[in-house]
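These notes concern the structure reproduced below.
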Amino acid sequence: PNLSTCFKVPQEIRRLIDTTDAIEGFNRQLRKVTRAKSVSPTDDSLLKMLYPAMMDITKKWTGRRQDRSMIHAQLAVFFSDRMPD
């Protein structure tokens, strides 16, 4: 019964719920940074190396989905009690 609930929503919403591409891409880009340096002397030095990389990666997250209005309308139908006015 829990799995069938997932299939009741349209595919566009399911794609938003199920996707891990953003997380995998983020981790892949961090691995690129850490691969260049095999050993970090301290945890702080590792954080100092990863922080600027994380800031650069997150700058690219400002884009909007093209089908945003359709997804918003579908969410309003399925979760009308949770959507703000």
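The values are calculated or read from the model by the stated rules, or taken from the named source; none is laboratory data. Quantities reported herein were computed from a predicted structural model and do not represent experimental measurements. Glycine also receives a Cβ, built like all others from the backbone with ideal geometry; neighbour counts cover every protein chain displayed. Protein only, heavy atoms only, side chains kept; ligands, DNA and RNA dropped before computing areas. Shrake-Rupley method; radii C 1.70, N 1.55, O 1.52, S 1.80 Å.
So which lysines pass the test for Lys48, namely a Cα distance under 27 Å, with those fewer than 8 places away in the same chain ruled out?
Of all the lysines, those that pass the test against Lys48 - Cα under 27 Å, at least 8 places apart if same chain - are Lys32, Lys37, Lys59, Lys60.
Report D for the chain in µm² per second (integer): Stokes-Einstein, Kirkwood Rh on Cα pairs, 4 °C, 1.567 mPa s.
In µm²/s, the coefficient rounds to 80.
On a 1.4 Å probe surface of the protein chains, which of Ile23, Ile13 comes out largest in accessible area, and what is the full order?
Ile23, Ile13
Per residue, how much accessible surface does the chain expose to a 1.4 Å probe? Answer in Å², no decimals.
Counting only protein heavy atoms, the per-residue value for the chain is 87 Å².
What order do Met70, Met49 take when sorted by accessible area (1.4 Å probe), most exposed first?
In descending accessible area the options line up as Met70, Met49.
To test your reading of the geometry: what angle, between 0 and 90 degrees and rounded to tens, separates the Cα axis of helix 43-59 from the longest principal axis of the chain?
The angle comes out at about 40 degrees.
Tell me the trypsin sites (Lys or Arg not before Pro) within region 27-71 that lie in a loop according to DSSP and have at most 12 other beta-carbon atoms within 10 Å.
Sparse-neighbourhood loop trypsin sites (Lys or Arg not before Pro): Lys37, Arg64, Arg65.
Note down the accessible area of Glu12, probe 1.4 Å, to the nearest 10 Å².
Only protein atoms counted, so the area is about 50 Å².
Does anyone have the angle between helix 21-35 and the longest principal axis of the chain? Alpha-carbon axes, 0 to 90°, nearest 10?
0 degrees
Convex hull over the Cα atoms of region 37-85, averaged projected area in nm²?
6.4 nm²
When the helix-only estimate is applied to the chain (DSSP H runs of n ≥ 4, each -39,500 (n - 2.57), divided by the residue count), what is the mean residue ellipticity at 222 nm, nearest 500 deg cm²/dmol?
-21000 deg cm²/dmol
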